[in-house]
Each structure stands twice: as C-alpha cells, then as structure tokens.
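Asker: Got a structure here, written out as structure tokens. Questions coming.
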Amino acid sequence: MKFGMAKYEQFLNDRINDLNNQPLKIAVTGSSGQGKSSLINTIRGLKADSDGAAKVDSVECTKNVTEYPDPNHPNLIYYDLPGVGTPNFSRDEYFNIIKKQTYDSVGFEDFDFFLILSADRFTEDDVWLAKYINKHGREFYFIRTKVDNDLRSSAEDYPDSYNEENILETIRNNYLEQLHKLNLGKTGSRDIDRSKRIFLLSAKFAHSTKWDFPHMITSLLEDYPITKRESIIISITSNCEAIIRKKVDVLRSRIWMFALGGGLGGAIPIPGVSVIADQAMVKAALYIYKENLGLDDESLKKLAASSNVAFQAIIKKLISSAVYSAYFIGSESTKYVIAHGSEDTLKTVTKHLIGDGSEEILKAVTKHLIGDGSEQTLKVLLKEVTKVSPIIGTVVGSSLGFGATYYQLHQMLNDLEQATFDVMTYVTKASSKQKRYRDEL
C-alpha cells in the first residue's frame, strides 16, 4: 500500500504539472507604436516599471521577436512580433524569420492564438495576416488600441455633443466593414459572428477594467484551443471576477484527485497514517488553491505594489474574518493573524491547526506565538487547544475518508473564492480612494 500511495502521489504531481506546464503561446503582432508592449505587460499584471515588464517606447521600433513569459506561470509566453511588411519581415518570409529568431524555433503551428493590434486603421498587411491565420485553422482577434486617446480628443473637440458610446460604436463599425472583406466563417474559422473578433481598449495597466479589456480576456479563454483551455484559465493573470470563477471551476473539477489520495491513506493499517494522508492532500490542495487564486504571499505583494495598497492592509482584510483567516497561515501572514486577530479568529485558526495543521505549520505558529503573542492571545489559543485535544501533541481522530475529504476541500475552495473577491473589492476601493485623494491635491 505504501508503494501504491507513492505511485498515487506521482500521478497527482504529474496531473498538476500537466496543467501548469503545458506550453501556451500567444502572438501579439502589429507595427511599432500600436501598444504591444503595454498590452503584454497589462495582461501579465505588470506596470511599465515593474520587474520583468516589456519596455514601453513609442519611438523604438520592434525589429526582433521578443518573448515575455508570465511571471507566475512561465509556461505561458507572449511573443512580441514585428508587424507584417515592416523592414526584414516580408509576407513570404514572415513566419520563417520568426522561427529563426525564437528561442525554441517557434513556427506558425506552435502559436495557439494571435492578437493583431492597431491604434488607427488596419493595414493591408494586417488583413493578409488575418486571412493567413484563418485559412490555417488558428484563431485571432483584432485589437483596436488607444481608444482612451480617441475619447479624450473627442471630448476636447466636441464637449457639448460628446457621447462615449456613440464614438466607440463608430470605431467598431469601421472595423466590421474591414472584417467583412475577409469572408470569415470559411476554412479554419469557428466564429461566425465577426463582431466577436474586434475589441476596443486601452492597453494601459490603469485601464485593464475598462471598455473591452475584460471581455477580450474572457473571450480569449473561451476561444482558446480546447485541449489547452484549462491550462490557459489557470495560467493567465487576471483579477476579473468572471475569470476568477473560471479558475475556481477548473480547481473544483480536480478536487477528486486530492480526495482520492486522502482516501487511499485510510487503507494503510498503521495508526495515524490515514490522518496524515488526508491532511497531506489538504495541505497540497491549499497551497495550489492559494497560488492560483493569487492569495499566496508573493501574489499579494505584487497586488499591493500594482495597486499602491499596503501589503499589511491586505493581510488585515484577509484575517478580519474568522472563516477565511485559518487558511492564511504562512511565513508572513501568521504574524498578522497573531498580532491583529480577534478572539473568534484565533479560535477558528486553532481548530484548523489542531485538526488540519502539519508539523511545519504548527512550528511556524508556535514561533510567532512566543515572539509576538500577548498573554490574552496565548490564553485563547491554549483554551481552544485543550478543547480539541487534552494531551497536546497527540494525534486524535480518524481518517476523513474520500467523501469527507472531498467535502472539506470543496468548502475550503468556496471560502478561498470568496476571500479572493473580498480582497479584490477592498483593493479596488482603496486604490480608487487614493487616486481621488491625489487628484484633489
């Protein structure tokens, strides 16, 4: 049975790695100055001055293919391609040149999706590329960038008659006329509605929730090759509610794998092993859920930096609920649970520690209790520990079994989903409040 558990752990690791390591390649093409670098940064959740961000320069021309992996999921790579017809990138040799310049000799057939960008009108070369992509069975979107500039100019020129909706509709209709000439719906195209291929947006990070940007991301996930759809959902960086729900759906569909691993431990006739097996699966799932929902320390720090909201404030928001706080025991989060947690929070955390905690987690919390815990904090924790286990350190309980482990993971994922939404709402409001304050100065 020990051999069987080892085999299952390997199976579980392989399945997780299959999801997180599947190659995902998105081509972003267009002539210089169309906003490619800004779009690549924003999709990856990066500002122009963030570490690893693509250089944003409206003057410098894109002369070579540049690869930008997602900072959290390096299996997802965005390729900044020079536009067709630009110097050294003729139509006939376009994809051959790209293959020579990419690190892994990426050819046309290796790209999963194409984003064709233009800040004005699409050129004949852009239309040629769209036809080529469509003919060979790949999907593409036309991305009309810098609509913020169009709207601002119109508001300045026509302040009395300015209507944002009408302006956007006019721009969209102009591109629909161009798409009509492509005769979409034939070879290689699954999308009959041409309007679904046009997205009007600003590629700037500050505008990632405006105009068609959120819709473009959700559509990209829906139109992505079906064999890689779960991987792109998990890998893409986004704080959009619809995408977070998609991530949760993917994670929920894989609960059975962790629950089965815990259930198998119950068949081992050694006292305590079944409990360890159950909780090892729960711990592994918790780590993956937090990482993929952006609730781990590293992701929260990036969120704090990009939104100009203090990391400590975000952690305080997470531990404000006794239900959610127990899931956020970690190297840094623990300090805030101990320092700021209410009595209800501490009680809930203690129950999770005794029932679900690994030795590593217990050691981490104990360390912070000794260093940071007040007398009242220690009293609350000791009281709760005694309720659960009169003899501290004794493993009490029996195997949760497949069904109970499944239920526990399901509930845990629901709690983390709600925690993600709460954090996003808090950060959005806090960031907007800071912006209003700066504007008033």
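The values are calculated or read from the model by the stated rules, or taken from the named source; none is laboratory data. This structure is a prediction, so every number in the text was calculated from the model and none was measured. So basically every Cβ, Gly included, is an ideal-geometry build from the backbone, and we count neighbours across all protein chains shown.
Asker: Name the single residue, out of those in the range 119-170 being among the polar types (S, T, N, Q) and at pLDDT 90 or above, that is surrounded by the fewest Cβ atoms within 10 Å (Cβ to Cβ).
Answerer: Within the range 119-170, the first condition is being among the polar types (S, T, N, Q), and the residues that meet it are 123, 134, 145, 149, 153-154, 161, 163, 166, 170.
Applying the additional criterion that residues be at pLDDT 90 or above yields 145, 149, 153-154, 161, 163, 166, 170.
Numbers: Thr145: 23, Asn149: 11, Ser153: 11, Ser154: 17, Ser161: 8, Asn163: 12, Asn166: 11, Thr170: 12.
Looking at residues that are among the polar types (S, T, N, Q) and at pLDDT 90 or above, I get Ser161.
Asker: Which condition breaks for Asp18 when tested against (1) under 22 Å from Phe142 (Cβ atoms); (2) not assigned by TED's automatic domain parsing to the domain that holds Ile217?
Answerer: Condition (1) is where Asp18 drops out.
Asker: Would it be correct to say that Ser189 is at pLDDT below 90 and on the phi < 0 side of the Ramachandran plot?
Answerer: Working: at pLDDT below 90: yes; on the phi < 0 side of the Ramachandran plot: yes.
It is true that Ser189 is at pLDDT below 90 and on the phi < 0 side of the Ramachandran plot.
Asker: While we're here: Residue check: is Asp112 at pLDDT 85 or above and under 20 Å from Glu222 (Cβ atoms)? Working first, answer last.
Answerer: Values: at pLDDT 85 or above: yes; under 20 Å from Glu222 (Cβ atoms): yes.
So Asp112 passes the test.
Asker: Now, a different point. Filter the range 223-240 for residues that are assigned to a helix (DSSP H, G or I) and over 15 Å from the mean Cα position of the chain (by Cα) and give the result. It would help to see each step written out before you state the result.
Answerer: Applying the first criterion (assigned to a helix (DSSP H, G or I)) to the range 223-240 yields 223, 226-235.
If the condition is that a residue be assigned to a helix (DSSP H, G or I) and over 15 Å from the mean Cα position of the chain (by Cα), then Asp223, Ile226, Thr227, Lys228 are the ones that fit.
Asker: Specify the residue that is modelled with the lowest pLDDT; the eligible residues are those in the range 197-217 that are surrounded by 15 or more Cβ atoms within 10 Å (Cβ to Cβ) and assigned to a helix (DSSP H, G or I).
Answerer: My answer is Arg197.
Asker: Taking the stated definitions as given, is Leu19 within 24 Å of Leu220 (Cβ to Cβ), modelled with pLDDT under 85 and crowded, with 18+ Cβ neighbours inside 10 Å?
Answerer: Working: within 24 Å of Leu220 (Cβ to Cβ): yes; modelled with pLDDT under 85: yes; crowded, with 18+ Cβ neighbours inside 10 Å: yes.
Yes, satisfied.
Matching residues to (1) of a type in the set (Phe, Trp, Tyr); (2) touching a Pro at 6+ places or on another chain (Cβ under 8 Å); (3) within 14 Å of Phe199 (Cβ to Cβ):
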{"site": "Gly137", "(1), (2), (3)": "no, no, no"}
{"site": "Phe140", "(1), (2), (3)": "yes, no, yes"}
{"site": "Thr145", "(1), (2), (3)": "no, no, yes"}
{"site": "Leu151", "(1), (2), (3)": "no, no, no"}
{"site": "Asp157", "(1), (2), (3)": "no, no, no"}
{"site": "Ser161", "(1), (2), (3)": "no, no, no"}
{"site": "Arg172", "(1), (2), (3)": "no, no, yes"}
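Asker: Here are the criteria: (1) within 30 Å of the chain's Cα centre (by Cα); (2) surrounded by 21 or more Cβ atoms within 10 Å (Cβ to Cβ); (3) assigned to a loop (DSSP other than H, G, I, E, B). Tell me which single one Asn41 does not satisfy.
Answerer: If we test Asn41 against (1) within 30 Å of the chain's Cα centre (by Cα); (2) surrounded by 21 or more Cβ atoms within 10 Å (Cβ to Cβ); (3) assigned to a loop (DSSP other than H, G, I, E, B), just (3) comes out false.
Asker: Having 1 or more residues that are modelled with pLDDT of 80 or more and touching an Asp or Glu at 6+ places or on another chain (Cβ under 9 Å) is the bar; report the helices (runs of 4 or more DSSP H) wholly within the range 246-346 that clear it.
Answerer: Numbers: elements: 255-265, 273-292, 297-307, 311-318, 322-325, 333-340.
Ranges flagged: 273-292, 297-307, 311-318.
Asker: A further question on this structure: Looking only at residues in the range 98-118 that are assigned to a helix (DSSP H, G or I) and not aliphatic (A, V, I, L, M), which one is surrounded by the fewest Cβ atoms within 10 Å (Cβ to Cβ)? Explain how you work it out, then say what you get.
Answerer: If we filter the range 98-118 for residues that are assigned to a helix (DSSP H, G or I), which is where we start, we get 98-101, 108-110.
Cutting the leftovers down to not aliphatic (A, V, I, L, M) gives us 99-101, 108-110.
Details: Lys99: 16, Lys100: 12, Gln101: 18, Phe108: 16, Glu109: 10, Asp110: 16.
Result: Glu109.
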